[in-house]
1. Counting only residues that are open to solvent by 30 Å² or more (accessible area, probe 1.4 Å), at pLDDT 95 or above and within 22 Å of residue 76 (Cβ to Cβ), how many does the stretch 36-59 have?
2. For residue 21, are the conditions met, namely being surrounded by fewer than 19 Cβ atoms within 10 Å (Cβ to Cβ), of a type in the set (S, T, N, Q) and at pLDDT below 95?
3. Looking at (1) of a type in the set (Ser, Thr, Tyr); (2) under 12 Å from the mean Cα position of the chain (by Cα); (3) more than 24 Å from residue 27 (Cα to Cα), which is the one condition that is false for residue 109?
4. Given the structure, is residue 20 in a strand (DSSP E or B) and more than 15 Å from the chain's Cα centre (by Cα)?
5. Inside the stretch 60-87, can you point out the residues that are open to solvent by 10 Å² or more (accessible area, probe 1.4 Å), free of Cβ contacts under 8 Å to residues at least 40 places away in the same chain and not in a strand (DSSP E or B)?
6. Please verify whether the stretch 98-113 includes one or more residues that are open to solvent by 30 Å² or more (accessible area, probe 1.4 Å), part of a loop (DSSP other than H, G, I, E, B) and over 19 Å from residue 2 (Cβ atoms).
Amino acid sequence: QVQLAESGGGLVQPGGSLRLSCAASGSIADMFEMGWFRQAPGKQRERLATIGSRGNTDYADSVKDRFTISRDDAKNTVYLQMNSLKLEDTATYYCAAFPGRGVTWGRGTRVTVSS
């Protein structure tokens with residue numbers, strides 16, 4: 001089973017940018033889909049963006065036009081470029097791998113948007 005490790009979180013001011021990375025221990029080319037999710041305290045985990053094996057992407061309305069998901073199969077890494085960050089983007093961000101059955105989660109990386 002592939003293991004996922006997120007990185008790139010931190011403290012950023014409103015309007016700023018961050019790029020999150022998700023490094024997989026195995027080939028992501030074998031995955032049906034990869035995705036980014038987030039969970040704020042007291043809230044349910046929210047799907048943000050997914051990218052299929054052919055590079056097809058889908059975004060939640062809350063992040064469309066601000067966040068961009070991408071993948072580098074040679075590096076077994078998925079990225080989430082986050083621009084125009086808002087206070088409400090504060091959350092723990094998780095990477096997920098969907099091999100076609102089930103899901104594997106990373107441990108998350110914390111993003112705090114604050115002035």
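1. Going through the stretch 36-59 one residue at a time, the tally reaches 4.
2. Working: surrounded by fewer than 19 Cβ atoms within 10 Å (Cβ to Cβ): yes; of a type in the set (S, T, N, Q): yes; at pLDDT below 95: no.
Answer is no for this residue.
3. Condition not satisfied by residue 109: (3).
4. Values: in a strand (DSSP E or B): yes; more than 15 Å from the chain's Cα centre (by Cα): no.
No; evaluated as a whole, the condition is false for this residue.
5. Within the stretch 60-87, 60, 61, 62, 64, 65, 66, 74 meet the criteria.
6. Taking the stretch 98-113 and keeping what is open to solvent by 30 Å² or more (accessible area, probe 1.4 Å), we get 98-103, 105, 107, 110, 112.
Filter once more, so that each one left must be part of a loop (DSSP other than H, G, I, E, B): 99-103, 107.
With the extra rule that they be over 19 Å from residue 2 (Cβ atoms), the set shrinks to none.
No.
The values are calculated or read from the model by the stated rules, or taken from the named source; none is laboratory data. These numbers were taken from a predicted model, which means no experiment stands behind them. Backbone-built Cβ (ideal geometry, glycine too); neighbour counts: all protein chains shown. These accessible areas exclude ligands, DNA and RNA; they are computed on the full protein's heavy atoms, side chains included. Shrake-Rupley method; radii C 1.70, N 1.55, O 1.52, S 1.80 Å.
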